[in-house]
1. What is the Å³ per residue value for the convex hull set by the Cα atoms of the protein assembly as shown?
2. So who's got an amide H within less than 5 Å of the one on residue D:139, skipping anything under 5 residues away but keeping other chains? H placed 1.01 Å off N, in plane.
3. Relative contact order of the range B:110-231, please, whole-number percent, based on alpha carbon pairs below 8 angstrom and at least 6 residues apart.
4. Can you pull out the trypsin sites (Lys or Arg not before Pro) in the range A:1-45 whose DSSP state is coil and whose Cβ has at most 14 other Cβ atoms within 10 Å?
5. For helix C:11-21, report the angle its Cα long axis makes with the longest principal axis of the Cα atoms of chain C; keep it between 0 and 90° and round to the nearest 10°.
6. Which loop-located GluC sites (Glu not before Pro) does the range C:273-350 contain, where loop means any DSSP state but H, G, I, E or B and the Cβ has at most 13 other Cβ atoms within 10 Å?
7. Take the alpha-carbon positions of chain A, form their convex hull, and give its projected area averaged over all directions (one quarter of the hull surface) in nm².
8. Give a residue-ordered list of calculated ³J(HN,Hα) values for the range C:148-160 (Karplus: 6.51 cos²θ - 1.76 cosθ + 1.60, θ = phi - 60°; whole Hz; x for Gly, Pro).
There are 4 protein chains.
Amino acid sequence: MKAAVLGCTGYTGMILLRILGSHPDIKSIIPVSSSKAGKSVLSTDPGLGADLDKSGLAGKTALTRGCCVSLDQAVRFEPDVVFSALPHLESAKLCTPFFGKSVVIDLSADLRIRNPAAFQKSYGHDAPRPDLLPSVVYGLCELYREDIKGSDIIANPGCYPTATILPLAPLAQRSMLKGTIIINALSGISGAGKKAETMLLYGERTENTCAYSPGKSHRHTGEITQEIVKRDASLNVLFIPHLVPLKRGMAVTTTVHVQPGIDETAVEEALEETYRDAPFVHLLKSRLPETRDVWGSNRCDIAWYQEGDILMLFSVIDNLVKGASGQAVQNMNIRFGIEETRGLRVHGEL
Amino acid sequence: MKAAVLGCTGYTGMILLRILGSHPDIKSIIPVSSSKAGKSVLSTDPGLGADLDKSGLAGKTALTRGCCVSLDQAVRFEPDVVFSALPHLESAKLCTPFFGKSVVIDLSADLRIRNPAAFQKSYGHDAPRPDLLPSVVYGLCELYREDIKGSDIIANPGCYPTATILPLAPLAQRSMLKGTIIINALSGISGAGKKAETMLLYGERTENTCAYSPGKSHRHTGEITQEIVKRDASLNVLFIPHLVPLKRGMAVTTTVHVQPGIDETAVEEALEETYRDAPFVHLLKSRLPETRDVWGSNRCDIAWYQEGDILMLFSVIDNLVKGASGQAVQNMNIRFGIEETRGLRVHGEL
Amino acid sequence: MKAAVLGCTGYTGMILLRILGSHPDIKSIIPVSSSKAGKSVLSTDPGLGADLDKSGLAGKTALTRGCCVSLDQAVRFEPDVVFSALPHLESAKLCTPFFGKSVVIDLSADLRIRNPAAFQKSYGHDAPRPDLLPSVVYGLCELYREDIKGSDIIANPGCYPTATILPLAPLAQRSMLKGTIIINALSGISGAGKKAETMLLYGERTENTCAYSPGKSHRHTGEITQEIVKRDASLNVLFIPHLVPLKRGMAVTTTVHVQPGIDETAVEEALEETYRDAPFVHLLKSRLPETRDVWGSNRCDIAWYQEGDILMLFSVIDNLVKGASGQAVQNMNIRFGIEETRGLRVHGEL
Amino acid sequence: MKAAVLGCTGYTGMILLRILGSHPDIKSIIPVSSSKAGKSVLSTDPGLGADLDKSGLAGKTALTRGCCVSLDQAVRFEPDVVFSALPHLESAKLCTPFFGKSVVIDLSADLRIRNPAAFQKSYGHDAPRPDLLPSVVYGLCELYREDIKGSDIIANPGCYPTATILPLAPLAQRSMLKGTIIINALSGISGAGKKAETMLLYGERTENTCAYSPGKSHRHTGEITQEIVKRDASLNVLFIPHLVPLKRGMAVTTTVHVQPGIDETAVEEALEETYRDAPFVHLLKSRLPETRDVWGSNRCDIAWYQEGDILMLFSVIDNLVKGASGQAVQNMNIRFGIEETRGLRVHGEL
């Protein structure tokens, strides 16, 4: 299989190169970067190594001789699968030459929102390709596994939505919740990408934490709401993101009232039933999850705890793996009939 | 004025030495440590400097010749004010020789809870000195300023309660809120003290974040509830603390339903009215607070934002300053008729 | 006294606002920023507080009504002292209107190098104002105290040179060293300023350390060499800087061969003799210095240890205080006959 | 193959579980911990996952039913290879039952020093098993590959020695160096292990850096000296370690005079010749190495730069991988004729 990675020099692109580089079913990687075309991937990403042969990438990048290529060149290599790690409002447009020819897994937000008006509201721009939406599957693997198998365009979910929706969806689906869901989410700094902005400097973010863009002002509110409300239209969502000084990691604490009769056991049953066979969703029964436990892995660890009629849900992911590139490869595995865990880690780094 | 600092080698004791060391009204500091009695304060706390004269402490610690002393010795120096930075369940007991002679400002939880049964529930032990409670004032300076002026025993509030109650109290007082208050609080690691525990190691806490002890299982729930419910008995509290990799800093995000007719303007008016003359409470009108802004200062920065009938309150403090030692000195200033800001910083470190 | 701060929105400018804000001899502060002229200092630097009165700056910034002003406006206020926290190659030029009228303390490198050819070599540009050099004093306070008293232009030293030269100068002066001095210096990230560059992002610098620009390729090599060689022309300097994930802090480890007969006692005597009365230089006799001990203070802690004929010198500073803004205020204090420690901290933050 | 991991709950033990857990040639893992015997490995190390089947370890730990076992139990499982991640002065003793039966890879210092007197000097105790030393190979893979193939006892090198010796050995071997080698090494905090000590707390190590135990007082000086002096007896070693606030990572900057005629090209040739076929040693020709680039990988990246007759060598490793557990598995691969890179990563984490 040949895989192209559009935007290979950003954080999610770099993680994709690592995962695909050791994925046994990927024979060729086509690293794509408009700004770095012609440059060796080892120079744009020294973590890969300083020697193409020793890096293990010489064979896999033989098509491009170890270098980044332009989008035009990438098209000519006819990849089987295209991962787009490009910014939203650019991604869907730049993927145009691949639609209909390659399976496209779009890590941007361009194709995640099914309602163009909702997209407009969240992103302040027209939905980029509303014509494609009927063919797009929302790639939250554990919830749409069957749909993913048959789709050629997969909208890879955002990191906040992934960590938030996984614990909530089975409960919303079963009408176990009521009222407004309060989501307090803590994100590592890499979630903001590798952009040279003052507010992302080391000196600004270390020894610092804050909430930002609460409620409707954060773009992920629309994505989360879409997936909750389609399961239970009576629910509302209030999303409050925070930045914490982690390189990688995301912890979400959700509080919501439960319907009468719902207790921790009912919650456990719903989650168990949904995720029994999901290799990357782990249910914790006697402790709360920590982001460190899933660092570098494609796992989502979930715990729950009820006090009175308020349920607390705790979920953690690595924002760059299950929240982005890992889930993208999981989508590829599912789509191409490869074992779901192939090339992905269950163990967190220490 | 002579000030004794019981437990001068822990984080809050160390901060007290710094603040008192440059406080113009403190002529003598008596550093007390049972384990380090006889040792130079410069050896137990090298941040103070390597030369007693140059450190500026030679004069202020002349009574003890620059050394830590035992509790017994401290009693003989007849301090005007005693700061106890000892652990809860030890503090009130060890302060016994000072009650009735010195003003005692207890930074532990021993005297904060007015209802002994509630103390028992939170701390799993009998309240240490229920006999003293009628004479104790809860030292949340901005809310109990007048009481503090006349009290000889001041229970300095916890860090979580300080950051949580300041934005809530004026609103609860005015019956503007309803239902269960959801408090998501993020604390820097120094909040856990300077204890040699595996879970506090650098390797365990860096690149890691998690919720812990949610709801009734955290000891500060009782303290927060006490102060909220006395203002509006119809309210409930759900407290969910988190650890984030900061050395110092605390950010609290509170969500609560408002009573009909309450909007952001009403909230602003209540907060303005309460804190207009409070030098350390700053109300932000166009941005959310960041912990870095108050690092090292005695400030509490507060912002608010309403969506539908849910109010969000954002507050930040330095857990070791306004959340502990700074507020203790603010209490001393108020009690002794000294200008409230004396010796305390308004500006955060960079 | 009226003080202008040119470049008040960068890290060193922000620290200057804090120090001058609580300095008893400064009656007026004129914050200068070409890009933020007209904006409130509380909006460009929220750490100062959210209320001008409560911030304590209302009085001190009454001239500019709490706002940043342009350079032209600043000139009209006729400051007694001007601190320039502007970038090198801009600073001396933009200070032109103040020379001859105000005491100028230049925190940039523009006026540090006495030999224009050496400046050209280090900075790749002509020395900006070689005509001024005869009137300029190199403001390493402990070594040039008497010269500073009589000078109207003070070139404030770099952070690396400050931490490196303080332990070495007394030994070079006494011809106690020989050969090439090897300087391994570790700097916190704020040393690179508040520039929106990819390599300074949180995601690039946390969990990362590296050497950079070793030897002659680093600009501070020239400045260090100038001060060492003028004391002992037989010595050479090899400077190797490193970035470590600290917000603030600098640790320098220097190794050098000693002349026959020189031992730790001789080193101690030379350092004691030089720094006996220096309030900010602390000599450690039984432990090695840690950057945390001087965080936020204007101290330089020094230790030494000899093995065979190789002397090791260990020195730490806060790069933004003794390495920049604190030393600038120390220079002002000396120049204006104010007590040297006024407004500056000896105690490190915790 | 069956592999036992003694001391599976410390940092190096935990990394071993991860590497062996995905190593294709390891069929059984026997996790050994005296203090945690009987406890599930998922409870002692939650990073492995919360479900034994999903963790991928159910099969590999079937022998112990997913639990840690005691040393006695481990002996009965007759492992092919034993990794000892026990503390020095305990390790060799507790490995006794395995010598002669299993291949023992000792990650402690117990068997690294060939001269018992030198061990005594460095560790203050008698060498634990001097009788075994003739059968022990020093497991610095790139330098002793052939010896490792035939040995049943492998002393896995320390982290500081690994990063230091790799760049130096080829140059010492060729008599290219002279005088005293100055080694300034920066280590992440995990290098000190997972011990509940105050000086390793988050609050003590974040925003802090310092040198410690310089020269002969650090135990690794003896190990480094042994390997340098056996290649060129005219050389001396001065080793100066530093702690920097990294979780994982080590950067070593070495300075040394070269013999006449030696230049950067000669150095490059010697390194190229030695490491041409070493998959984990990467030579950088146009940039300096950063610890982040090798985070999580078994690589050692090396750069060199000469100024006058002083050579600078820059090397980085992940102290827990190439500096400990990764190299231990590399040793196992070599010893058992498995491909050297099997189960080990070349790519650093982002």
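The values are calculated or read from the model by the stated rules, or taken from the named source; none is laboratory data. Everything quoted here is computed from the prediction, not taken from an experiment. Here Cβ is always computed from backbone atoms with ideal geometry, including for glycine, and neighbour counts include all displayed protein chains. Surface accessibility is based on the protein's heavy atoms, side chains included, excluding ligands, DNA and RNA. Shrake-Rupley method; radii C 1.70, N 1.55, O 1.52, S 1.80 Å.
1. On the way: hull volume 237.4 nm³, N = 1400.
Cα-based convex hull of the protein assembly as shown, divided per residue, equals 170 Å³.
2. The list, which skips near neighbours in sequence, is D:155, D:156.
3. Numbers: 100 pairs, mean separation 35.3, N = 122.
After rounding, I find 29 percent.
4. A:27
5. Long axis of C:11-21 versus the principal axis of chain C: about 70 degrees.
6. Counting only loop positions with at most 13 other Cβ atoms within 10 Å, the GluC sites (Glu not before Pro) in the range C:273-350 are C:339.
7. With the hull built on Cα positions only, its mean projection is 16.9 nm².
8. 4, 3, x, 10, 9, 10, 10, 8, 6, x, x, 6, 4
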